Amino acid sequence: MTGNVDSVPVPVRAEQVTAILVDGGFYRRRAARLFGHKDPEQRADELLEYCRRHTRKAKSRLYRIFYYDCPPSEKVVFHPLTRTSVNLAKTPDHDWMVDFHKALVKRRKVALRRGELLETQSGYQLRAEKLKKLLSGAISVADLDEKDFSLDITQKGVDMRLGLDIATLAANGHVNQIIMIAGDSDFVPAAKHARRAGIDFVLDPLWARISESLHEHIDGLWECVNREPRNLEDPLHADNLRQHRPMSPCDGDALDLNDESDGR
C-alpha cells in the first residue's frame, strides 16, 4: 500500500436540522381527539413536546416550529336552529383561541403565521351525519340540537404563507428536513419544490386518513402518538398530565429548546 492513509479525509455526516410546519386548525382538532381537551397553556406546551418527539425520532436539531392559523372570528352569525344571532367574539371558543395564540408566541422557537378569515362565507352548517339522517327520514328537525351544527368559517392566506415558508427554507439551506403536521394535500406543490431541493419531507397526519396519491409526494409518514385507544395511555393525554411520565413512542435524548444556536 502506498500513500499516507492519514491524509484520506473522513466523511462527516451533515447535521440534521428540522423545521416543523403545523396546520393549526388541523392540529387543534386532532389534538383534542388524541390528547383530550386542555386549556390554552397546556395545549401550547403539548405542541412543543409533540414536536420534540419528532426531533428526537429524527435525531435532529430543531430550526423552528411554524404554526399556521387564523385569528378567531368576531362576526355575528345567525344560528338556523335556535333562530338567534351569535356574537362569536363573546364565546368561550373565541377567548380560548386568543389565549392559545398568546401562549404560542411566548414559546421559544415558535413562529405564528396568521391568515385571514373570509367573513362573507361564515355560518353554521348541519353536520354531515345528521344531514344524511334528516334527508333519509331517520330523524326530524325536532330531533336536532345545537351540537348538531358546526361553525364553518373559510380562511385565506394560510396556504400561501405555508408555501412561501417552504420555498424560503428550500432556498436558504438552513434545514435539510421538513416535518409537516397536516391532513390534506394543499401543500403538495410546495412539498415537491422542497424535495427537488434535496430536503427530506415527512408528513404527520396524526392518524387521520390521507389519500393514497399523497404518498408519492412525501418521503415518509411519522406519527409520534399511538392510535386510538392506546392514545389514552400517552403522557400528553389530559388524563395523565399529573401522573409519572413514561416513555413516549418516539422518546430518546431530550432536545434543549434553550439552545441559542438556531438559525435566524
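The values are calculated or read from the model by the stated rules, or taken from the named source; none is laboratory data. Owing to the predicted nature of the structure, the values given are computational and were not obtained by experimental measurement. Backbone-built Cβ (ideal geometry, glycine too); neighbour counts: all protein chains shown. When the accessible area is computed, the model is the full protein with side chains, heavy atoms only, and any ligands, DNA or RNA have been set aside. Shrake-Rupley method; radii C 1.70, N 1.55, O 1.52, S 1.80 Å.
Some observations on this one:
- Residue in the range 244-257 that is over 15 Å from R53 (Cβ atoms) and at pLDDT below 95 present: yes
- The range 113-154: number of residues that are over 14 Å from L81 (Cα atoms) and either open to solvent by less than 70 Å² (accessible area, probe 1.4 Å) or not hydroxyl-bearing (S, T, Y) (or both): 20
- Residue within the range 22-34 that is at pLDDT 95 or above, farther than 19 Å from L151 by Cα and in contact with a strand residue (DSSP E or B) (Cβ under 9 Å, 6 or more places away or on another chain) present: yes
Every residue, every condition in (1) surrounded by 22 or more Cβ atoms within 10 Å (Cβ to Cβ); (2) free of Cβ contacts under 8 Å to residues at least 12 places away in the same chain; (3) within 13 Å of the chain's Cα centre (by Cα), yes or no:
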residue	(1), (2), (3)
A32	no, yes, yes
F35	yes, no, no
P40	no, no, no
E46	no, no, yes
E49	no, no, yes
T55	yes, no, no
A58	no, no, no
L62	yes, no, no
D69	yes, no, yes
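- Residues in the range 89-120 that are closer than 18 Å to T154 by Cβ, over 18 Å from the mean Cα position of the chain (by Cα) and of a type in the set (D, E, K, R): D93, E119.
- Selected residue [in contact with a helix residue (DSSP H, G or I) (Cβ under 7 Å, 6 or more places away or on another chain), more than 30 Å from L81 (Cβ to Cβ) and either in contact (Cβ under 8 Å) with a residue 12 or more places away in the chain or not in a loop (DSSP other than H, G, I, E, B) (or both)] from D186, D159, D165: D186
- 3 or more residues over 30 Å from A194 (Cβ atoms): qualifying helices (runs of 4 or more DSSP H) within the range 17-106: 40-58, 92-105
- Residues being open to solvent by 30 Å² or more (accessible area, probe 1.4 Å) and under 24 Å from the mean Cα position of the chain (by Cα) - total across the range 73-88: 1
Residues are listed down the side, and each one gets a yes or a no for (1) surrounded by 16 or more Cβ atoms within 10 Å (Cβ to Cβ); (2) under 14 Å from I20 (Cα atoms):
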residue: V175; (1), (2): yes, yes
residue: S185; (1), (2): no, no
residue: R196; (1), (2): no, no
residue: H215; (1), (2): no, no
residue: R227; (1), (2): no, no
residue: E233; (1), (2): no, no
residue: L236; (1), (2): yes, no
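- Counted residues, the range 189-228 - those being part of a loop (DSSP other than H, G, I, E, B) and out of contact with any Gly (no Cβ under 6 Å at 6 or more places or on another chain): 18
- Test: S85 is among the small types (G, A, S), under 30 Å from A142 (Cβ atoms) and touching a Phe, Trp or Tyr at 6+ places or on another chain (Cβ under 6 Å): yes
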